[in-house]
Every structure is written in structure tokens, then in C-alpha cells.
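Q: Input: one structure, supplied below.
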Amino acid sequence: MNLLSHSVLLAGLPTAEGGAHAPVVAPDTAAGGVFDLLWLVIGLPLLGAVLLLAVAPFLPASVRETFDRRGHLVGTAAAVASFVLSLVLFLALLGRGEEERQVGQHLYTWFETGSLSVGMDLLYDQLAALFLLLITGVGSLIHVYAIGYMEHDPRRRRFFGYLNLFVAAMLTLILSANFVGLFLGWEGVGLASYLLIGFWQHKPSAAAAAKKAFVINRVGDIGLSLAIALMFATFGTTDFAGVSEHAGDASQDTLTALGLLLLLGACGKSAQVPLQAWLLDAMEGPTPVSALIHAATMVTAGVYLVVRANFIFELAPIAQTAVVVVATVTLLWGAILGCAKDDIKKALAGSTMSQIGYMMLAAGLGPVGYPFAIFHLLTHGFFKANMFLGAGSVMHGMDDDVDMRHYGALNKAMPVTFLTFAMGYLAIIGFPGFSGFWSKDRIIETALADNLLVGLLAMLGAGITAFYMTRLMLMTFFTEKRWEADVHPHESPKVMTVPLVVLAALSVLGGVLLLGDWIVNWLEPVTGHAEHHEPPLPALVITLLIVGVVAIGIAAAWFLVGKRDVPREAPRDVSFATRAARADLYGDAINDAVVVRPGASLVGGLTTFDRVGVDGVVEGGSAAVGGLSNVMRRLQNGFVRSYALSLLGGALLVVLALLAVNLG
Amino acid sequence: MTFWLLAPIMVAAALGILFVRKAVHAALLLAVVMISLAFLYAVLDAPFLFAVQIIVYTGAILMLFLFVMMLIGVDASDSVVETIRGQRAMAVVLGLVFGAVLVVGLGQVTLGTVVGLDAANEGGNVPAIANILFSKYVFAFEATSALLITAALGAMVLAHRERLTPKATQADLAAQRLRDYADHGKHLGPLPSPGVYARHNAVDTPALLPDGTAAESSVSRVLAARGTVRSAPAMADDIDDVRRQLGGLDGHSDPATMPETSGKAGTPASTEEDEK
Amino acid sequence: MTQYVVLSAILFTIGCVGVLTRRNAIVVFMCVELMLNACNLAFVAFARQHGNLDGQITAFFVMVVAAAEVVIGLAIIMTIFRTRRSASVDDASLLKY
């Protein structure tokens, strides 16, 4: 305890470059007071996970049963306590002057080898504070929701253990003051994601989806780990402070490589093209998982990474451009997927992919975009979690049916779910006044100011978003009812609807963060000061344009879906575009063709070479020796006199040799 | 001179070992070689070795050979057929080449003048050998003692045979004998002794039963198997001869001289011829 | 002096051929003894040639070792004969390929 409460002042570092580039992220105020409890934010959910996963199975049977029945309360309590603590910390941070808002806490030295010393250091700054609130807040709500959603699952204790593990890992990712600690959390959330996607492991599709997510994430993780190694090789440290201080000294090539590697890592975790294929399959997990991990928090870790490593991206324009390109492609990719999916969760997953594309786009635009990336991340966390939970509520009422073609006219059967979902819907399409409107609008505006083409594509994405969200809304809550006679849609219990209401409120009101550019100013010490670019058109015009595009999207959906009958079975004779979108734009096929099959052929070739070539040589050699031995063993005929004869022959040779040497 | 006399004998005897079929003959030929060697040692100023060669080698080791031969069968003679293909031809060829190379090689060596052992043997060969043996070679000497003890123990271990059944006691043997008598009518008492005669008593001559026939069980079965049993009826003529001689002397001759005179008459030899 | 050594070589060679051609284990053993004796002769001859007694000592040791070897060897022959009813070296040929 003594060790943990011992907070230290990490070296206050002067601004290395000054100005917009390489902003300081070094904590320059001492911890103290309530900040001594920073470690508890991670510690509480971790304790919950340990209790539920590692301790409970070894308890006596009676106690274990209690844990099995009441374990979810432990998990929820840990999450809520963590949220309360985060809130207190946030308020305490607000109470400090702007210069003192970066708090470091050194827990212990994790490992020390050679010149590499990695401490278990925490860094609590403006960026981390917002993330903490999002993760623990939305996390707590989803914990509460899951109490109802997982009520009949016999393995609920384990589920909550995994959720707590995820929260602890995600908080580690956010709070770590160096890249190695971040990587620890990064892998931790990957593990939790794997465990939770495959939570219903009896379903082969879930098990396969978990593996797919894990494997594709490994590709990204290689990028991140290489980036960390390169950082250490270049700067001799992996601390955010150290790296940001020395970033200016590195060569341009190194910085570009670092940026691209970090981008690779971000792509894996945030399901950006080309590592996007796992996200839709990840919907095999329980819906609270989809809401928490695969919508609100974990998948946004890539955005966090890019924003956190802004000191590198600022100095690597090529990497920054790559971020923008990847983001724009993903934005459209996800939106197109969302248009064709009939599975409500997959449609939402496509939407998630698309929205993260927006965040990445903003993050790729530099200091002017970072605050909006985070802003959109927060609002998206609210409304997407809201909608996923709403989708879960719908599934709960529809006997776990996920096909939207089997829904219809549910607005009467599930009024609360409908209303809260509608709030999320209005938020995501950017209905004026709702949270999504403010965040997306600013991103598109910034993009237009930076690059006209990217801006227009982002605007197009907003229109498609409006289309597919409207389609989803119409197919689920309006049009004719298409469910079977034995299905009785009903409203979910309070424990599930209350989180929905809270999240709906947040979806509506999330925009207040932008009041007076609060979030921009708040994050400025972390992300650097932005030089404002004037967009090519007045801001009001752009806003009106966006609203117009969104209106077109809604109208298209209304005429294509709302005015027609929705068949219960998906029509087969559809256009090429629809077919492609239904097939995830052939993402799996591309992976298959580009990676899997060449890899399989390579491995096949190698095994053939190994079998024929290497084994041939080895086995041929052994066969030759064996054959020779088979002949030679005839010499071992068991007759002593034969051996004696050879002995005499040998002696004769020796004598001859002696004679040859001495007399020759 | 001694050398040139003994060398051909030794080589001939050694070659004989290669060709005789019976192991006993080989042992005897080896004895010849060894004793000749002993003489050569004497010639070479090694009287101690001369004695050791005769006592230890010829006396002890070779006798050990003969004992073992006795145990595993004296008559067993080797078959002359070679069973390993090419072994004999190869052995002879290699042996000849080896010998030729050795002899030729040694013939090339010039040994120089002979120093002789007169100086070394001053004060006697045996004390001189003892001097070296118990000083310079004392460790080797002690090691040989350990070797000999080990060898003795090893021989005992190897020759020892575990008894598988309990040893028959006197009572067991008596009971067995009575059982044999009851079941097969086997003679209960000791076997009759072989024939004992005034002039000729021998284990190879069966005793005569009261009716004048020979008692077959009175001679060893081994002798019977070898066919060297004399038959009592064949001796009958000898008896008559003796009686005639006695009669010719009117019964007044000196009984002590009679066997000698009859022995000189060479009758035993003639009986052997009769048998054949 | 050469003649002694040559005689030794001849006896040694005869012993060799005997070992190779005879099958009765006892005779084979005798041939080995013959070879040992041939060596002894050479030792004794060389002792006289060089004028010291080391050769004779060596011959003496050879005799001792030969005695030990004969004791063990004959015991082995006995044992083999007892179990296999044969003293032929060719019959003990189970240890082969």
C-alpha cells in the first residue's frame, strides 16, 4: 500500500518544439490528494475479475453457488465504483488550473533490462479523463443492462468476470504513461474481446468469430509491437513524455515508419480497412459485449492511439495522409455494408466501422481534428451503445431473432426501446441538435477545409448513414409486422430499459461538450494548438448541405423501404452492389485470395518441400545407411574365428605399415 | 647347437597341433614345444624362466588343460570339415603372408652385437630377477597378485553349479534301492566283484558264477562298452596251460616263481590276439 | 640372435593359424598359449641381446597373466560345455546380426 500510494512527480519537461508540433504530454504536476487513488480505477474492476474468475472457482461449493447466483452484483459494483472514482477524479481535475492537469503516478518498476526501464506508470490527463468517464460510465450502464440480458445464462458469473477484465484492461490502455503499458492493456482488451465474442462457445460460428477476431488483431498487434521496438531503438524510451520530447530528433523515415506501424495497429483494433473483416463476425458475442467492446470502447482504441501519438503523426505527413485515406475508405466501406445487412447487429456493426472511420479521419487531420475525433468518439460511444442495447432489447423481445426482416411495427410493442432507439437514430444521422449532429458536422467541416475530395466523400458517407439507419429504423419499428404467430414481442425489464434511457439522454445531450468549444480547449494541452483553416464555404452553408444530404438519404430510405413491402426472405435477384455489400464487399474473399490462399499454398509448398526435399534427403540418407548396414551386418556372423581372421588381417596391415615406414 | 636341434622339433610339433584331430594329442605336442622352449630359455641365460616354464607352464597350465579335457570328454575329436566358407583358405593364406612378412621383416633388421647377460646375472640369475621384480616392478607384481585372486574367484564362480534338487540322503538312497528291487527285481545287494584268479586278477575280467558262466554285472559298463572285457571262457585255456605246467613240475615247484614264468611265456599277449 | 626371433615369429604364426582353423575351444586355447610362448621366447632373446633382465621379467609376467587367463578361459569353456554339450567355438554363435 505504501508503495502504491507513493505518487511521484514525473519529471516536468519543457515543451520540446513549442507551437503545434509535439505537444507536451508529460505530467508536470505532482499527484496528491484524491489522485493517489488513481490506481484504484484499474484496481477495482481488476479485483472484480480476479474474484469472479480466479478465486470463485476454488471456493467451497456453497460459497461458489452464491457467487454463481450473485456474482454479477460484484462485477457491476466494481464497475460502478470505478465510475464514481473516475467522476471524482474528473471533478478534481476540473478544479485544478490548466497548467496542472497532467497527473502522473508511478506504481512500481515493471521491468528493467539493459537500458530499457519500463515502469508501471499511470498518466491522468485531460484525454485520459474523458476516456475514463466514457469507459466506466458506459461500462457501468452496460453492466447493469447485462444483469437483465444475461439473466438466464448459467455462466453469468464468468461473463461478468470477463466484462470486468475488459474494463480493467481498457483502463490500463488509457491510463498507461508509456507505450509498453498501453500495449499491455491493448493485448488485455484483445483477450477479453476474444473471450467474450466466443462466450457462447458451443456455437461453432461464435468460436470461429472469436478466432477470426483474435488472428486479425494479431496482425495489427505486430504493427504496434514493432512500433514500440522501433521507438525504443530510436529514442531509448517508450514513455509518452520521452518520445514526444525526442520525436523531433528522429529522421523523417523513422517517423514515417513509426506512424505507419502505429496505423497498422490502430487498423487492427479499430476494424479499419484492410483489417476490417473481423468486426461483423464479432457480433456473435452477447449484445452487451457488442455494445461495450465492439461499439463504444475497445474499437475506438485505435483512434485513441493515433490521438495519443499525435507527436509522431504531426511529424510524419505521409503517415497522416495514410490515416486519412484508410479512414475515408473505411467510412464508406462500413456505410455500404450497413445498407445491405438484414442482421440488425451486423447493420449496426457496419455503422460502427463507418463511424470509427469518421473518427480516424478527424484524427488524420492533425491538431485541428483531434478534439473532434475524441468528441465524435464520445458521442458515438453514447448513441451506438444506446442503439446496440436497444437492438439487444429488441432481440430479447423477439426470442433472439436478429433478422430485421422478421421484425416490423415494434414501436407499439416496445415503446421504451423504440423511443430510446429513436434518440440514438437521430443522433447518428446527425439530426440538428442531437449529439451526432455536432460531432459529425465538425468533422466534415474540418475535412472539407483540409481536402475537398475527402470532405465530399465524408459528406456522402453522412448521406449513406442516414439511408441505412433509416432503413434499419423502418424495418424494425415501422412497416408491417412480419413476426411469427408464436412470437410475442414485449418490453424488456427495467434493469435493461433504465440504461437505455440514460444512454438516450446522453445521445441527445452529448453535444453540450462542444458548448463554447469546451472540448477543444480542454484537449488543447494534449493535442496541441490548432491553426484554424477557413473552410471553402461558410460554416452555415456546409451545415445546411450536410443536413440536405442526410435528408436525401432519409427520403431514399423512405421510398425504397418504407413505401414498399418488406419481404420476409431476402430477395435473391438483386443488383451486383447489393450482393457485394451482403458479402461484406468481399472482404473475406479478398483476405482469402490475398492472404489465406497464398499462405496456404506457401505452407503447402513448404511442407511438400519438407516432405519430399528435406525428408527425402534425411530419410534417403538413413535408408542408404540402413541398406549399407544391412549388407555390412552380414559380417557379424557370430563366428569368433571369423572375427579373429579380420583381426589377423588388421595385424598384417599394421605390420606392413610398420615395415613400409621403417624400411621403405 | 641346441637351438638348431630344438627348432625343427618345435616347429614340427607346433605344426602337428594344427593337424592332429584329438585334443589330447595336441596337448602332448604343446608340451613338447614348451619343454623345448624351456631348454631354449636355459640356453639364453634364463635359468629361472627355465624352471618356471617347466613347473608352471608345462606342469600346471598344461595339466589344467588335460583336466578340463577329461571333464568334457577325452575322445571328442574335431571334425575335419570346415563349416565357415573360405575360413580355412583365408586363414592359411593370411597366416602364410603374415609369417612371411614377419620373417622377411625381421630378416631385414640388424640386431648388432649381443651384449649377453653375464654382467646382469652376476651373483646369480634368480637374485638378479628378484632385485628388479621387487624394486622396479613391484607395483606390477602386486597387481598380478590381485589378478590371480580375481581369476581364482572368477573360476570358482563360473564353475559353481546351483543345486536344483535337494541332495539325496542315505535313507533316500536305501529307499530307492528297495523300490527298484520291488518294481524291477533289481539286485538288492552290492554288485559282484570281477574275476580274481591265481595268475590273473583284473577289473576287466568278469567273475565266474557257480555254473561256470561269466557274471556280466561284475565288470564296469564302461569297459564293456569299450569292448575291452576279457571273457572268462577264453581264459579257460590259460587255466589248462597253467595246470599242465603245474602238473609237469609234479606239484613241487616254488609257488612264488610261477606267475613270473608264466608271465614270461607271453600268454597275455596271445589272449589279446585271440580276442581280435 | 636373429634365429630366435625368427623362430618366435614362426611359432606365433602357427599359433595364429591354429586359432583360425581349429574349432575345439580347448585346442584354440592351446594355440593362444603357443602364441604367448612365442612372444616369451622373443622377450627372453631380446633380454640377452640387450644385456638386461627386463625382458625376462616381462616374460615372467606374461606367464602369470597367461595362468590367470587359462583359469578363467577354461572355466568359461566348462560352463559353455555344461549348458550346450559342445566345446566347439562355432556353436557359440548366437550373438550375431
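The values are calculated or read from the model by the stated rules, or taken from the named source; none is laboratory data. Please read all numbers here as calculations on a predicted model, not as lab measurements. With ideal geometry, Cβ positions are generated from the backbone for all residues, glycine too; neighbour counts draw on all protein chains shown. In case anyone asks, the SASA skips ligands and DNA or RNA and just uses the protein heavy atoms, side chains included. Shrake-Rupley method; radii C 1.70, N 1.55, O 1.52, S 1.80 Å.
Q: Any idea which of A:LEU44, A:LEU107, A:LEU53 is open to solvent by less than 60 Å² (accessible area, probe 1.4 Å), part of a helix (DSSP H, G or I) and under 30 Å from A:VAL526 (Cβ atoms)?
A: Matching residue, one of A:LEU44, A:LEU107, A:LEU53: A:LEU44.
Q: While we're here: Look through B:ALA256, B:ALA198, B:ALA269 and report the one residue that is aliphatic (A, V, I, L, M), outside any loop (DSSP other than H, G, I, E, B) and modelled with pLDDT under 50.
A: B:ALA269
Q: Any idea which of (1) open to solvent by 50 Å² or more (accessible area, probe 1.4 Å); (2) touching a residue at least 24 places away in the same chain (Cβ under 8 Å) is the one A:ASP486 doesn't satisfy?
A: (2)
Q: Answer yes if at least one residue in the stretch C:10-19 is open to solvent by 30 Å² or more (accessible area, probe 1.4 Å), within 7 Å of chain B (Cβ to nearest Cβ) and more than 22 Å from B:ALA152 (Cβ to Cβ), and no otherwise. Can you show your working first?
A: Taking the stretch C:10-19 as the starting set, the residues that turn out to be open to solvent by 30 Å² or more (accessible area, probe 1.4 Å) are C:10, C:12.
Going one step further and asking which of them are within 7 Å of chain B (Cβ to nearest Cβ), we end up with C:10.
From what is left, the residues that are more than 22 Å from B:ALA152 (Cβ to Cβ) are C:10.
Looking through the stretch C:10-19, at least one residue is open to solvent by 30 Å² or more (accessible area, probe 1.4 Å), within 7 Å of chain B (Cβ to nearest Cβ) and more than 22 Å from B:ALA152 (Cβ to Cβ).
Q: Filter the stretch C:74-97 down to residues that are more than 21 Å from B:GLU82 (Cα to Cα) and away from chain A (no Cβ under 13 Å) and give me whichever is surrounded by the fewest Cβ atoms within 10 Å (Cβ to Cβ).
A: Ranking the qualifying residues of the stretch C:74-97, first place goes to C:THR83.
Q: Is it the case that the stretch A:241-253 has a residue that's closer than 30 Å to A:GLU569 by Cβ and in contact with a Gly (Cβ under 9 Å, 6 or more places away or on another chain)? Show your work before the answer.
A: The initial filter retains those residues of the stretch A:241-253 that are closer than 30 Å to A:GLU569 by Cβ, namely none.
No; the residues of the stretch A:241-253 include none that is closer than 30 Å to A:GLU569 by Cβ and in contact with a Gly (Cβ under 9 Å, 6 or more places away or on another chain).
Q: A further question on this structure: Being open to solvent by 50 Å² or more (accessible area, probe 1.4 Å) and modelled with pLDDT of 80 or more is the filter; apply it to the stretch B:65-82 and report the residue that is nearest to C:LEU20 (Cα to Cα). Before you say what the answer is, go through the steps one by one.
A: Quick first cut of the stretch B:65-82, residues open to solvent by 50 Å² or more (accessible area, probe 1.4 Å) only: B:66-67, B:70-71, B:74-77, B:79-81.
Subsequent filtering for residues that are modelled with pLDDT of 80 or more retains B:66-67, B:70-71.
Details: B:LEU66: 22, B:PHE67: 24, B:MET70: 24, B:LEU71: 24 Å.
Per the stated criteria, the residue is B:LEU66.
Q: Is there a residue in the stretch A:463-477 that is touching a helix residue (DSSP H, G or I) at 6+ places or on another chain (Cβ under 6 Å) and farther than 24 Å from A:GLY350 by Cβ? Talk me through it step by step, then tell me what you get.
A: Taking the stretch A:463-477 as the starting set, the residues that turn out to be touching a helix residue (DSSP H, G or I) at 6+ places or on another chain (Cβ under 6 Å) are A:463-477.
If we keep only those that are farther than 24 Å from A:GLY350 by Cβ too, we end up with none.
No: zero hits.
Q: Restricting to the stretch A:518-532, give me the number of residues that are open to solvent by 50 Å² or more (accessible area, probe 1.4 Å) and either in contact with a Ser or Thr (Cβ under 8 Å, 6 or more places away or on another chain) or in contact (Cβ under 8 Å) with a residue 60 or more places away in the chain (or both).
A: Initial filter on the stretch A:518-532 (open to solvent by 50 Å² or more (accessible area, probe 1.4 Å)): A:518, A:521, A:524, A:529, A:531-532.
Still in the list and also either in contact with a Ser or Thr (Cβ under 8 Å, 6 or more places away or on another chain) or in contact (Cβ under 8 Å) with a residue 60 or more places away in the chain (or both): A:524, A:529, A:531-532.
Of the residues in that region, 4 qualify.
Q: Going through A:ALA644, A:ALA660, A:ALA651 one at a time, which residue ends up being in contact with a helix residue (DSSP H, G or I) (Cβ under 6 Å, 6 or more places away or on another chain) and under 30 Å from B:ALA100 (Cβ atoms)? It would help to see each step written out before you state the result.
A: Numbers: A:ALA660 fails: in contact with a helix residue (DSSP H, G or I) (Cβ under 6 Å, 6 or more places away or on another chain); A:ALA651 fails: in contact with a helix residue (DSSP H, G or I) (Cβ under 6 Å, 6 or more places away or on another chain).
None of the others qualify; the one that does is A:ALA644.
Q: Take the stretch A:152-206 and flag every residue that is more than 20 Å from A:ILE42 (Cα to Cα) and touching a His at 6+ places or on another chain (Cβ under 6 Å).
A: The one that is more than 20 Å from A:ILE42 (Cα to Cα) and touching a His at 6+ places or on another chain (Cβ under 6 Å): A:ARG156.
Q: Related question: Given the conditions (1) facing chain C (nearest Cβ under 8 Å); (2) under 27 Å from C:ALA45 (Cβ atoms); (3) hydrophobic (A, V, I, L, M, F, W, C), report the number of the one that B:PHE134 does not fulfil.
A: Result: B:PHE134 fails condition (1) only.
Q: From the list C:VAL71, C:VAL44, which one is facing chain B (nearest Cβ under 7 Å) and without any contact (Cβ under 8 Å) to a residue 12 or more places away in the chain?
A: Values: C:VAL44 fails: without any contact (Cβ under 8 Å) to a residue 12 or more places away in the chain.
The conditions single out C:VAL71.
Q: Is it fair to say A:PHE160 is within 30 Å of A:ALA77 (Cβ to Cβ) and either in contact with a Cys (Cβ under 8 Å, 6 or more places away or on another chain) or open to solvent by less than 30 Å² (accessible area, probe 1.4 Å) (or both)?
A: Values: within 30 Å of A:ALA77 (Cβ to Cβ): yes; either in contact with a Cys (Cβ under 8 Å, 6 or more places away or on another chain) or open to solvent by less than 30 Å² (accessible area, probe 1.4 Å) (or both): yes.
In short, yes.
Q: Report the residue count in the stretch A:134-182 for those that are in a loop (DSSP other than H, G, I, E, B) and under 20 Å from A:ALA296 (Cα atoms). Can you show your working first?
A: Residues of the stretch A:134-182 that are in a loop (DSSP other than H, G, I, E, B), as a first pass: A:150-155, A:177.
Adding the requirement that they be under 20 Å from A:ALA296 (Cα atoms) leaves A:150.
Residues flagged as in a loop (DSSP other than H, G, I, E, B) and under 20 Å from A:ALA296 (Cα atoms) within the stretch A:134-182 amount to 1.
Q: Right, another one. Could you list, in sequence order, all residues of the stretch A:559-582 that are open to solvent by 40 Å² or more (accessible area, probe 1.4 Å) and either closer than 21 Å to A:LEU279 by Cα or without any contact (Cβ under 8 Å) to a residue 60 or more places away in the chain (or both)?
A: Residues of the stretch A:559-582 that are open to solvent by 40 Å² or more (accessible area, probe 1.4 Å), as a first pass: A:559-560, A:563-565, A:567-569, A:571-573, A:575-579, A:582.
Across the stretch A:559-582, the qualifying residues are A:PHE559, A:LYS563, A:ARG564, A:PRO571, A:ARG572, A:ASP573, A:SER575, A:PHE576, A:ALA577, A:THR578, A:ARG579, A:ARG582.
Q: Just to be sure I understand, how many residues within the stretch B:5-61 are aromatic (Phe, Trp, Tyr), more than 9 Å from chain C (Cβ to nearest Cβ) and either within 30 Å of B:VAL80 (Cα to Cα) or surrounded by 20 or more Cβ atoms within 10 Å (Cβ to Cβ) (or both)?
A: Step one: list which residues in the stretch B:5-61 are aromatic (Phe, Trp, Tyr), which gives B:19, B:39, B:41, B:48, B:50, B:57.
Narrowing the set further to residues that are more than 9 Å from chain C (Cβ to nearest Cβ) leaves B:19, B:39, B:50.
This time we only want the ones that are either within 30 Å of B:VAL80 (Cα to Cα) or surrounded by 20 or more Cβ atoms within 10 Å (Cβ to Cβ) (or both), so: B:19, B:50.
Looking only at that region, the number is 2.
Q: Give the residues of the stretch B:158-177 that are open to solvent by 100 Å² or more (accessible area, probe 1.4 Å) and outside any loop (DSSP other than H, G, I, E, B), sorted by residue number. First the steps, then the outcome.
A: Step one: of the stretch B:158-177, the residues open to solvent by 100 Å² or more (accessible area, probe 1.4 Å) are B:160-164, B:166-167, B:170, B:177.
Of everything in the stretch B:158-177, those that are open to solvent by 100 Å² or more (accessible area, probe 1.4 Å) and outside any loop (DSSP other than H, G, I, E, B) turn out to be B:GLN170, B:ARG177.
Q: Moving to a separate point now. Pick from the stretch B:114-131 the residues that are surrounded by fewer than 11 Cβ atoms within 10 Å (Cβ to Cβ) and more than 9 Å from chain C (Cβ to nearest Cβ): which of them is nearest to A:VAL655 (Cα to Cα)?
A: Narrowing the stretch B:114-131 to residues surrounded by fewer than 11 Cβ atoms within 10 Å (Cβ to Cβ): B:118-119, B:122-123.
After this cut, where a residue has to be more than 9 Å from chain C (Cβ to nearest Cβ) as well, the list is B:122-123.
Details: B:GLU122: 37, B:GLY123: 39 Å.
The extreme case among them is B:GLU122.
Q: So which of A:VAL498, A:VAL502, A:VAL508 ends up being touching a Ser or Thr at 6+ places or on another chain (Cβ under 8 Å), at pLDDT 90 or above and not in a loop (DSSP other than H, G, I, E, B)? Steps first, please.
A: On the way: A:VAL498 fails: touching a Ser or Thr at 6+ places or on another chain (Cβ under 8 Å); A:VAL502 fails: touching a Ser or Thr at 6+ places or on another chain (Cβ under 8 Å).
Answer to the check: A:VAL508.
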